[in-house]
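The values are calculated or read from the model by the stated rules, or taken from the named source; none is laboratory data. Values in this document were obtained by computation on a predicted structure and should not be read as measured data. Ideal geometry is used to build each Cβ from the backbone, glycine not excepted, and the neighbour counts take in all protein chains shown. Keep in mind that these areas ignore ligands, DNA and RNA; they rest on the heavy atoms of the full protein, side chains included. Shrake-Rupley method; radii C 1.70, N 1.55, O 1.52, S 1.80 Å.
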Amino acid sequence: MTEEMPEEMAEEATEDVTEEATEDVTEEQGQDRSSTGELLARLDALDRLPGSTALRALSYDLLAAGPGTAVVDVGCGAGRAVAELHERGAKALGVDPDEHMIAIARRRWPEADFRIADAYDLPLPDASVHAYRADKVFHELADPARALAEARRVLTPGGRIVLAGQDWDTIVIDSDDSALTRTIVHARADLITSPRAARRYRNLLLDAGFDDVTVEIRTEVFTGPEMLPLLAALSKAACSAAAVTREQADRWLTEQHVRAEADRLFLALPMFLTAATAPR
């Protein structure tokens with residue numbers, strides 16, 4: 001994610017990803033194509049950036065996910081991580097509560113195993129997996145402690161867990177209007193169930209009885225136009241929440257477009273990776 005794409009390549013990539021995602025959603029979801037297609041396009045665009053690929057690989061290393069390792073990827077979305085774990089020889093299972101995402105994952109990666117389930121009720125026996133992974137999931141959970149209790153249940157003694165994700169209050173964006181930027185970022189964060197879950201990963205794991213807890217923060221820096229869709233979503237959400245006016249949101253987003261065109265856009269996104277071991 002630290003490497004930039006030239007502007008024309010970013011525009012083409014976004015168009016290609018959106019078209020591909022829309023085709024997936026059209027075939028698998030019918031009338032739900034709009035919202036899920038937009039989400040899928042954003043996720044695909046981010047997943048394909050070099051920094052995202054490196055971050056996923058690091059999470060697999062922290063899990064010690066090698067040949068024969070039984071891994072569950074919770075909140076697997078369209079299944080890229082499950083497919084990559086499968087390529088490493090791991091016995092990977094992807095679960096997600098969104099039946100449409102699971103349908104797309106099964107279409108994209110037919111050799112992998114995907115099931116509809118949420119983080120609170122995994123379709124696995126007790127002590128049946130060696131590794132548990134949840135990437136950009138816990139900020140959507142109202143009761144993360146309950147999810148970790150379920151992780152403890154399915155993990156073998158000494159099994160590994162990795163939680164990855166961003167803290168939604170700590171998105172750093174350069175702007176001529178720092179107060180407005182702060183309002184937009186925090187307004188978007190307030191619309192998320194658990195926007196500050198990432199900073200709590202360590203304490204949540206300790207409270208759940210996990211051992212050997214480690215925390216890494218990889219800050220991804222973006223200076224190209226590939227983040228303009230994210231910035232547009234931030235401003236739209238802040239406006240929808242009545243935290244800013246439409247005029248303020250449009251002005252702020254216009255500034256970001258101007259910055260991107262002049263090679264002056266700056267966005268830093270800290271990503272938290274917290275790993276631990278299930279008690280033996």
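So if I check each of Asp143, Asp174, which one is surrounded by fewer than 20 Cβ atoms within 10 Å (Cβ to Cβ), in contact with a Leu (Cβ under 8 Å, 6 or more places away or on another chain) and either among the acidic types (Asp, Glu) or without any contact (Cβ under 8 Å) to a residue 12 or more places away in the chain (or both)? Before the answer, list the steps.
On the way: Asp143 fails: in contact with a Leu (Cβ under 8 Å, 6 or more places away or on another chain).
The unique qualifying residue is Asp174.
Keeping to region 42-54, report how many residues are modelled with pLDDT of 75 or more and either more than 21 Å from Gly224 (Cα to Cα) or buried (at least 20 other Cβ atoms within 10 Å of the Cβ) (or both).
1
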Inset, instruction - State all residues of region 117-140 that are over 18 Å from the mean Cα position of the chain (by Cα), under 29 Å from Leu191 (Cβ atoms) and open to solvent by 60 Å² or more (accessible area, probe 1.4 Å); if no residue qualifies, say none. - result: Asp121
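Restricting the search to region 89-98, which residues are modelled with pLDDT of 95 or more and either closer than 15 Å to Ala134 by Cβ or in contact with a strand residue (DSSP E or B) (Cβ under 9 Å, 6 or more places away or on another chain) (or both)?
Restricting attention to region 89-98, the residues satisfying the condition of being modelled with pLDDT of 95 or more are 89-97.
Passing the criteria: Ala90, Lys91, Ala92, Leu93, Gly94, Val95, Asp96, Pro97.
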Inset, instruction - Give the residues of region 59-88 that are without any contact (Cβ under 8 Å) to a residue 60 or more places away in the chain, open to solvent by 30 Å² or more (accessible area, probe 1.4 Å) and outside any helix (DSSP H, G or I), sorted by residue number. - result: Pro67, Gly68, Arg88
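Kindly indicate which of Glu4, Glu28 is part of a loop (DSSP other than H, G, I, E, B), out of contact with any Asp or Glu (no Cβ under 7 Å at 6 or more places or on another chain), modelled with pLDDT under 50 and of a type in the set (Asp, Glu). Break it down stepwise before answering.
Values: Glu28 fails: part of a loop (DSSP other than H, G, I, E, B).
So the residue among Glu4, Glu28 that is part of a loop (DSSP other than H, G, I, E, B), out of contact with any Asp or Glu (no Cβ under 7 Å at 6 or more places or on another chain), modelled with pLDDT under 50 and of a type in the set (Asp, Glu) is Glu4.
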Legend entry - Top-ranked residue in region 246-280 [being of a type in the set (S, T, N, Q) and surrounded by 19 or more Cβ atoms within 10 Å (Cβ to Cβ); ranked as farthest from Gln166 (Cα to Cα)]: Gln256
